[in-house]
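A short worksheet on the structure shown next.
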Amino acid sequence: MTYGPYMQQSWESKVIDGVPDGLVVFDGVCVLCSGWVQFLLERDNADFFRFTPIQSRYGRALAQRLGIDPESPETNAVILGGRAYFKADSAIRALTHVPRWRWVRVFSIVPRRLRDWLYDRVARNRYRLFGRTESCMVPTPELMRRFVFDEGGANSERALP
């Protein structure tokens, strides 16, 4: 079987250099995905996470580098410890950095195939079930520093490549 430029045989984690820990790549026009970002923002008291919508210049370039189709993203990603995690693993790994949500790591014992199958069912129907916006969410001025839109790392206190 051949795979196009954005099709991966596996969504297992992979090494990625030059991207800071805690960066979340997400579909900025997806109501569910934007809700996930809001969930993390409200609970991340340490300001560990930064966010980049796939629709931004930097998010698009990073999505392409990770093998995510920016025109039709089927997963979000979180960068932790120099690795990119996808699908259900991205949520499980991200939540291990959120107080009172670390218990979610117990779901790691569920086989990845099953976790990703469940993730895919929701992801494929996310616009129909939760909605879609015409543009990415606009962070409040106080949250703007947590979002990365440009290649040079604009709007981020941590340097990006």
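Computed from the coordinates by the stated procedures, all read-outs in this text should not be read as laboratory data. For clarity, every value in this text was computed on a predicted model and none was experimentally measured. When we count neighbours, we look across all protein chains shown, and the Cβ atoms used for this are built from the backbone with ideal geometry, even at glycine.
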Residue count for the stretch 94-120, restricted to those that are under 16 Å from Ser13 (Cα atoms) and among the charged types (D, E, K, R): 5
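I'd like to verify a number: residues in the stretch 67-92 that are more than 25 Å from Ile109 (Cα to Cα) and touching a Lys or Arg at 6+ places or on another chain (Cβ under 9 Å), how many?
Adding up the residues that qualify gives 2.
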The residue that is surrounded by the fewest Cβ atoms within 10 Å (Cβ to Cβ), considering only those in the stretch 35-62 that are under 14 Å from Ala123 (Cβ atoms) and either in contact with a Pro (Cβ under 8 Å, 6 or more places away or on another chain) or touching a residue at least 60 places away in the same chain (Cβ under 8 Å) (or both), is Gly35
